[in-house]
1. For the range 175-198, name all the residues that are under 15 Å from the mean Cα position of the chain (by Cα) and in contact (Cβ under 8 Å) with a residue 60 or more places away in the chain.
2. Consider T186 carefully, then state whether it is in a loop (DSSP other than H, G, I, E, B), of a type in the set (S, T, Y) and either within 10 Å of the ligand (Cβ to nearest atom) or buried (at least 24 other Cβ atoms within 10 Å of the Cβ) (or both).
3. Here is a check on your reading of the model: is I133 aliphatic (A, V, I, L, M) and touching a residue at least 60 places away in the same chain (Cβ under 8 Å)?
4. Given the criteria hydroxyl-bearing (S, T, Y), within 18 Å of L353 (Cβ to Cβ), within 13 Å of the ligand (Cβ to nearest atom) and open to solvent by less than 10 Å² (accessible area, probe 1.4 Å), does T252 qualify?
5. Within the bounds of the range 365-372, is there any residue that is within 24 Å of the chain's Cα centre (by Cα) and in a helix (DSSP H, G or I)?
6. Among the residues of the range 217-231, what is the count of those that are touching a helix residue (DSSP H, G or I) at 6+ places or on another chain (Cβ under 7 Å) and of a type in the set (D, E, K, R)?
7. Look through G39, G67, G47 and report the one residue that is open to solvent by less than 40 Å² (accessible area, probe 1.4 Å), free of Cβ contacts under 8 Å to residues at least 60 places away in the same chain and under 30 Å from L162 (Cα atoms).
8. When the range 194-238 is examined, which residues are found to be open to solvent by 40 Å² or more (accessible area, probe 1.4 Å) and among the acidic types (D, E)?
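The values are calculated or read from the model by the stated rules, or taken from the named source; none is laboratory data. Everything quoted here is computed from the prediction, not taken from an experiment. When we count neighbours, we look across all protein chains shown, and the Cβ atoms used for this are built from the backbone with ideal geometry, even at glycine. Remember, those area values only see protein heavy atoms, side chains included, never the ligands or the DNA or RNA. Shrake-Rupley method; radii C 1.70, N 1.55, O 1.52, S 1.80 Å.
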Amino acid sequence: MLGNFTYCNPTKLYFGKDALDGLNEELPEYSKNVLLVYGGGSIKKNGIYDKVVAILKANGKNIYEDGGVMPNPTVEKLNEGIERAKAAKADLILAVGGGSVCDYAKAVSVSVNCGDDAWEKYFIRFEEPTCDIVPVGCVLTMVGTGSEMNGGAVITNHEQKLKIGHVFGEKVFPKFSIMNPEFTFTLPKYQMVSGIYDIMSHILEQYFSGTDDNTSDYIMEGLLRSLIHSANTAVENPTDYEARSNIMWTATWALNTFVAKGKTTDWMVHMLGQAIAAYTDATYGMTLAAVSMPYYRYILPFGAAEFKLARYAVNVWGIDPEDKSQAQIANEGLDIMEAWMKKIGLVMNITELGAKREMLDGMVKSTLIMNGGYKVMDEKDIRAVLQASFQSTFRSE
Ligand code: NZQ
């Protein structure tokens, strides 16, 4: 049975080949000063920057730039962005990029007027904003995180070896997001498949928890089937509009709070991924891929995991359940998932992502423990999963 919940998602979406026209509708809602936030330069190469700047100018905006937002944005960059937004007296922060740029824009938006250390306030003490929040809009160029329609902001502190996400409430969600699937065509394949697995992992984190026969779980099974179907096409033909547009839409629904409503959720794969990224700075979706199989195989014997993994195997991967035990069905599902992950080009171990044996103790300590999954992990469990995530040469030592 679903628990009590309220549901409201305030982000307005403009989707499709003409989505950027939506910027002309949105910009008049805000005063003159726009802080244009972007990453390492991909938008200058693929022409999106020129298109956005032309629309900003046509709408009479003063443009202040804040480029160079790195994948897995750092606390140092966040502090720089806060100063830039203050200097610009920004009325709107326009993020043009992937999850890193959108997350960063949200973290700046809640910090400009807060007068406190942003890292300490939001990422260590997990406080809510108590100051005016500068509105954020997004033009999405990379698909996966769902940041375009949620309150998530993940920031990395390399000095403290911590990568931490704060899931803010509705007031911090982007006011609008522009989603043109063609804007993602220039993504390197490595980034595209990393994003595809980020989406899959978001759905699985919310699916593998609880035992209810609820609407959310059926919706998630549908999203997963659509994702697998479209991913198979996109890997063969990255400019297949139908596939890329469905992946983009699935990503948004995978993490815009909708499917989690009224049910429990896990999120341990993300906590492990964040600890790995804090040490390696690896591409985020790949960290999730590299720990998923060891994690799901590790939790299989606990709680209702076997039941839910078997349901997943049948309803998502089409495993024939006849004359098989739940454990057999679940294992067949994981085997077929693993084969698919390898086929689409995901990284399947953390060694390949730069993780080293001497980082293990630190990564164990950096992993936040959640309690919504089938097994509440302790340090021993986390160590075992991470150890199994190294290449087999390390495992056998
Ligand atoms: O920096 P630029 O030049 O833009 O290049 C980026 C970056 O190198 C490139 N890229 C993006 N769009 C492109 C493109 N290259 C060519 N053509 C395009 N159209 O792709 C690289 C990766 O971009 P990034 O934004 O880092 O990727 P992603 O969207 O995966 O975001 C990752 C960040 O989001 C956080 C992660 O932890 C990580 O910090 N997450 C945020 C979540 C949320 N808000 O709810 C949930 C996620 O699970 C995740 O934790």
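1. Taking the range 175-198 first, the residues under 15 Å from the mean Cα position of the chain (by Cα) are 191-198.
Result: Q191, V193, S194, G195, I196, Y197, D198.
2. Numbers: in a loop (DSSP other than H, G, I, E, B): yes; of a type in the set (S, T, Y): yes; either within 10 Å of the ligand (Cβ to nearest atom) or buried (at least 24 other Cβ atoms within 10 Å of the Cβ) (or both): yes.
Criteria met by T186.
3. Working: aliphatic (A, V, I, L, M): yes; touching a residue at least 60 places away in the same chain (Cβ under 8 Å): no.
Against the criterion (aliphatic (A, V, I, L, M) and touching a residue at least 60 places away in the same chain (Cβ under 8 Å)), I133 does not qualify.
4. Values: hydroxyl-bearing (S, T, Y): yes; within 18 Å of L353 (Cβ to Cβ): no; within 13 Å of the ligand (Cβ to nearest atom): yes; open to solvent by less than 10 Å² (accessible area, probe 1.4 Å): yes.
No; evaluated as a whole, the condition is false for this residue.
5. Taking the range 365-372 as the starting set, the residues that turn out to be within 24 Å of the chain's Cα centre (by Cα) are 365-372.
Checking which are in a helix (DSSP H, G or I) leaves us with 365-366.
Yes: one or more hits.
6. Number satisfying all stated conditions: 2.
7. Values: G39 fails: free of Cβ contacts under 8 Å to residues at least 60 places away in the same chain; G47 fails: under 30 Å from L162 (Cα atoms).
Answer to the selection: G67.
8. Of everything in the range 194-238, those that are open to solvent by 40 Å² or more (accessible area, probe 1.4 Å) and among the acidic types (D, E) turn out to be D212, D213, E236.
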